[in-house]
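> One structure, pasted below without further comment.
Bear in mind that the values in this text are calculations on the coordinates, not laboratory data. It should be emphasised that the depicted structure is a prediction, and the values quoted were computed from it without experimental measurement. Positions of Cβ are backbone-derived with ideal geometry, glycine not excepted, and every protein chain shown enters the neighbour counts.
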Amino acid sequence: MPMAPKEIEKLIKAAIPDADVVIRDLAGDGDHYAARVVSRIFEGMSQIRQHHAFYAALGGRVGGELHALQIETAVPQPETNQ
């Protein structure tokens, strides 16, 4: 059974509380998603380590109940006052 976007977001936020999470359904089938996660915890991490932290938040669900997931991780950009 596919995972709902809100469940994916809930798992990520439980592991990465400051995360700004955006989940998109890529195919309209509830089974292929893209996730963008922005968090300060990624600061100083290589992209590979960021992705490991992201996948750890999902607790091994990728490839099982979460069939396909495209991910993007990032560190928040400092605000500029113009």
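> For every other residue with a beta carbon closer than 12 angstrom to the beta carbon of residue 77, add +1 if it is Lys or Arg and -1 if Asp or Glu, then tell me the sum. Numbers along the way, then the final one.
Values: positive: 40; negative: 20, 43, 79.
Net charge in that neighbourhood comes out at -2.
> List, in order, the whole-Hz ³J(HN,Hα) value for each residue of segment 43-57 obtained from phi through the Karplus relation with A = 6.51, B = -1.76, C = 1.60 and θ = phi - 60°; use x for Gly and Pro.
Result, rounded to whole Hz: 4, x, 8, 5, 4, 4, 5, 4, 5, 4, 5, 4, 5, 4, 4.
> Across segment 5-74, what fraction of all alpha-carbon pairs, as a whole percent, falls in each successive 10 Å bin from zero upward?
P(r) for segment 5-74, in whole percents per bin: 21, 58, 20, 1.
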